[in-house]
1. Go through (1) in a strand (DSSP E or B); (2) β-branched (Val, Ile, Thr); (3) out of contact with any Asp or Glu (no Cβ under 7 Å at 6 or more places or on another chain) one by one and return the number of the condition Val110 breaks.
2. Identify all residues within the stretch 1-32 that are more than 12 Å from the chain's Cα centre (by Cα) and at pLDDT 95 or above; write none if there are none.
3. Somewhere in the stretch 95-106, is a residue free of Cβ contacts under 8 Å to residues at least 24 places away in the same chain and surrounded by fewer than 18 Cβ atoms within 10 Å (Cβ to Cβ)?
4. Does the stretch 35-58 hold any residues that are β-branched (Val, Ile, Thr), surrounded by 19 or more Cβ atoms within 10 Å (Cβ to Cβ) and farther than 20 Å from Gly15 by Cα, and which are they?
5. List pairs: first in the stretch 6-34 and within 23 Å of Thr52 (Cβ to Cβ) and open to solvent by 60 Å² or more (accessible area, probe 1.4 Å), second aliphatic (A, V, I, L, M) and part of a strand (DSSP E or B), Cβ under 8 Å, 6+ apart or cross-chain?
6. If I filter the stretch 59-90 down to residues being over 12 Å from the mean Cα position of the chain (by Cα) and surrounded by 15 or more Cβ atoms within 10 Å (Cβ to Cβ), which single residue comes out as farthest from Ser7 (Cα to Cα)?
Amino acid sequence: QVQFVESGGGLVQPGRSLRLSCVASRIIVDSTTMAWYPQAPGKQRDLVAAITSATITTYADSVKGRFTISRDNAKSTVYLQMNSLRPEDKAVYYCNKYPTYTSWGQGTQVTVSS
């Protein structure tokens, strides 16, 4: 069974940065489009960043220029560098492939508040 383990979240002030990590097991990260899906309270999970097997990246308009997705194939790990964080970025962040598997990790909480 595919598993995702997210980490790196926390409480930060607006304008600060966080780097999220996602270790994927039983999946070949370098041959799969991987993505990050934040879920804010009361809202559905939405894709904000994706990276293809050809290392082509795409971003939602809300994070473009602030977030960067990357991948370390040797570590089966996907990262999300989050800069210039805003209060509206608050969410539980999940990673998964695109299209998604039915199984999800526990996510990592990101809170942006002064």
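The values are calculated or read from the model by the stated rules, or taken from the named source; none is laboratory data. These numbers come from a predicted model, not from an experiment. Glycine gets a Cβ as well: all are built from the backbone with ideal geometry, and neighbour counts include every protein chain shown. We work out accessible area using only protein heavy atoms, side chains counted, and drop any ligands, DNA or RNA first. Shrake-Rupley method; radii C 1.70, N 1.55, O 1.52, S 1.80 Å.
1. (3)
2. Scanning the stretch 1-32 gives Gly10, Leu11, Val12, Gln13, Pro14, Gly15, Arg16, Ser17.
3. There is at least one residue in the stretch 95-106 that is free of Cβ contacts under 8 Å to residues at least 24 places away in the same chain and surrounded by fewer than 18 Cβ atoms within 10 Å (Cβ to Cβ).
4. Ile51
5. As it stands, the answer is Arg19/Leu80; Arg19/Met82; Val23/Val5, since those pairs meet every condition given.
6. Out of the qualifying residues, it is Arg66.
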